Amino acid sequence: MTQVHGNAASNAAVSGDRMRLGRLIGAGLILVGLVLLALGAFLGPYTYATSTPGKLTVETCTVDYKYRGTSGTSSSSRKKTRTRWCYGTFTADDGSVKDLNAELKSDALYQRGHVLEARKTGDTSYELDHGWVGAIAVGCAWWFGALIPLAAGLLGTVTGFSSGQTASQALLRTTVVLVAVGVVGFAVSLLVTFFT
């Protein structure tokens, strides 16, 4: 009988260690979710609100090709990415900024003299102006994406990812619903971002 008690005690200790590890992982996932929420606020509405609106008059546009893949494979078997860049003069709507050497990542190749609605987001960084709808969609994509680690982190923190907890069944259903909302919201937000 002594041997059986020893096994039960070691099994309980292993279960307790797993539960602590699950709670630690859950706390880490919550932290990741909070960072994603902050990034969504910064990269979406905050960046849009603090940027300078204006117009970029195109001088030239180019296409940048890059190959991704292993260095030993031929260029035809590696994945090719294409980035369009437009260069020209940016002038702020209020006249406060004029940059003769502005460049931004573009959605198309434009002819010389074409005027693009743009925003100055940093000292030398510019982006196309997609309006508040685009900025909020970017923020929402990050926020809905943050729901996934937040929901999983909540489950892990409360239950330690142990199915033996009584609260875990109701919490598991809530977690599944939150993850589903996060995935659907993320996909819809990306679609809105793509079409704005």
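The values are calculated or read from the model by the stated rules, or taken from the named source; none is laboratory data. Everything numeric in this text was worked out from a predicted model, so none of it was measured. Cβ placement follows ideal geometry from the backbone for every residue including glycine, while neighbour counts extend to all protein chains displayed. Heads up: the accessible areas ignore ligands, DNA and RNA and are worked out on the full protein's heavy atoms, side chains in. Shrake-Rupley method; radii C 1.70, N 1.55, O 1.52, S 1.80 Å.
If I filter the stretch 130-137 for residues that are of a type outside the set (D, E, K, R), out of contact with any Leu (no Cβ under 6 Å at 6 or more places or on another chain) and on the phi > 0 side of the Ramachandran plot, do I get at least one hit?
yes
Would you be able to say whether some residue in the stretch 74-86 is open to solvent by less than 60 Å² (accessible area, probe 1.4 Å) and at pLDDT 90 or above?
yes
Check G122, G113 and return the single one that is at positive phi and either in a strand (DSSP E or B) or surrounded by fewer than 16 Cβ atoms within 10 Å (Cβ to Cβ) (or both).
G113 is the lone residue from the list that is at positive phi and either in a strand (DSSP E or B) or surrounded by fewer than 16 Cβ atoms within 10 Å (Cβ to Cβ) (or both).
Which of the residues that make up the stretch 92-110 are crowded, with 16+ Cβ neighbours inside 10 Å, over 18 Å from G131 (Cα atoms) and not charged (D, E, K, R)?
Within the stretch 92-110, A102, Y110 qualify.
Sort out which residues of the stretch 19-63 are more than 25 Å from the chain's Cα centre (by Cα) and open to solvent by 70 Å² or more (accessible area, probe 1.4 Å), and write them in order of number.
Hits for the stretch 19-63 are R20, L21, K55, E59.
From A187, A146, A135, which residue is within 12 Å of the chain's Cα centre (by Cα) and touching a residue at least 40 places away in the same chain (Cβ under 8 Å)?
The match here is A146.
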